[in-house]
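Have a look at the structure below before the remarks.
The values are calculated or read from the model by the stated rules, or taken from the named source; none is laboratory data. Keep in mind the model is a prediction, meaning the values are calculated, not measured. For neighbour counting, all protein chains shown are included, and Cβ atoms are generated from backbone atoms with ideal geometry for every residue, glycine included.
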Amino acid sequence: MRQAEISRNTLETQITVRLNLDGSGQSRLATGVPFLDHMLDQIARHGMLDLEVEAQGDLHIDAHHTVEDIGITIGQALVKAWGDKNGLRRYGHAYVPLDEALSRVVIDLSGRPGLVFNVDFKRAMVGAFDVDLTHEFFQGLVNHALMTIHVDNLRGENAHHQAETVFKAFGRALRMAVEADPRAAGSIPSTKGSL
């Protein structure tokens with residue numbers, strides 16, 4: 001089973017992440033940031049991975065440290081869960097619509113951190129959630145998962161829909177990238193022989 005548990009403890013946050021790449025889409029989330037819980041549930045459900053996140057952060061300041069550090073910790077857990085990437089597809093992509101919004105996410109488990117993030121949110125806040133933190137979440141994740149992600153919101157007028165399509169598309173693209181490729185069993189999907 002491709003599973004991992006990672007804890008991150010700083011003066012700003014205390015976070016534990018448990019994930020199972022071969023799960024059934026179940027989640028148990030207690031981040032203290034309700035909209036982030038909703039978005040992480042999308043990753044679990046559409047990525048068909050089991051995800052547990054327990055976080056305490058300095059939310060009396062704002063949600064920045066908590067959201068970024070959850071991204072970092074999930075990134076570290078992904079690295080531990082997929083191991084040497086032997087036999088994985090490596091690449092994944094997904095388009096996801098939600099009413100008027102449409103987003104595309106493309107992933108490469110490249111071993112190199114890279115984020116291209118093109119989302120022009122139509123408003124700054126979704127409830128109490130600052131939409132700028134969406135970028136911070138994914139930046140923390142790619143930096144520590146050592147993966148390349150291209151995120152494009154192709155259209156959308158509702159910021160909640162824009163964010164939700166991004167997280168759903170990420171979950172679906174991740175599901176594809178970490179799937180076992182039966183034709184590549186026993187090999188690393190790279191001409192370098194490592195990722």
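Key figures for this structure:
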{"quantity": "Odd one out for Gly171 among (1) surrounded by fewer than 21 Cβ atoms within 10 Å (Cβ to Cβ); (2) assigned to a helix (DSSP H, G or I); (3) at pLDDT 95 or above", "calculated": "(1)"}
{"quantity": "Conditions (1) small (Gly, Ala, Ser); (2) assigned to a loop (DSSP other than H, G, I, E, B); (3) touching a His at 6+ places or on another chain (Cβ under 6 Å): number failed by Gly111", "calculated": "(3)"}
{"quantity": "Residue pairs meeting the criteria (Cβ under 9 Å; at least 6 apart or on separate chains; first more than 27 Å from Met1 (Cα to Cα), in the stretch 62-83; second surrounded by fewer than 19 Cβ atoms within 10 Å (Cβ to Cβ) and among the basic types (Lys, Arg))", "calculated": "none"}
{"quantity": "Any hit, the stretch 139-150, residues being surrounded by 18 or more Cβ atoms within 10 Å (Cβ to Cβ) and in contact with a His (Cβ under 9 Å, 6 or more places away or on another chain)", "calculated": "no"}
{"quantity": "Any hit, the stretch 81-102, residues being buried (at least 22 other Cβ atoms within 10 Å of the Cβ), outside any loop (DSSP other than H, G, I, E, B), in contact with an Asp or Glu (Cβ under 7 Å, 6 or more places away or on another chain) and of a type outside the set (A, V, I, L, M)", "calculated": "no"}
{"quantity": "Some residue of the stretch 139-152 being in a strand (DSSP E or B), within 14 Å of the chain's Cα centre (by Cα) and among the polar types (S, T, N, Q)", "calculated": "yes"}
{"quantity": "Unique residue being small (Gly, Ala, Ser) and on the phi > 0 side of the Ramachandran plot when the list is Gly114, Gly186", "calculated": "Gly186"}
{"quantity": "Enumeration of residues in the stretch 17-36 that are surrounded by fewer than 17 Cβ atoms within 10 Å (Cβ to Cβ) and outside any loop (DSSP other than H, G, I, E, B)", "calculated": "Arg28, Ala30, Pro34"}
{"quantity": "Flag for Leu11 being more than 26 Å from Pro189 (Cα to Cα) and part of a loop (DSSP other than H, G, I, E, B)", "calculated": "yes"}
{"quantity": "Qualifying positions in the stretch 47-61 - outside any strand (DSSP E or B) and without any contact (Cβ under 8 Å) to a residue 60 or more places away in the chain", "calculated": "Asp58, Leu59, His60, Ile61"}
{"quantity": "In the stretch 121-135, the residues that are in a loop (DSSP other than H, G, I, E, B) and touching a strand residue (DSSP E or B) at 6+ places or on another chain (Cβ under 9 Å)", "calculated": "Phe121, Ala124, Val131"}
{"quantity": "The listed residue being surrounded by fewer than 19 Cβ atoms within 10 Å (Cβ to Cβ) and farther than 20 Å from Arg175 by Cα, out of Ala159, Ala124", "calculated": "Ala124"}
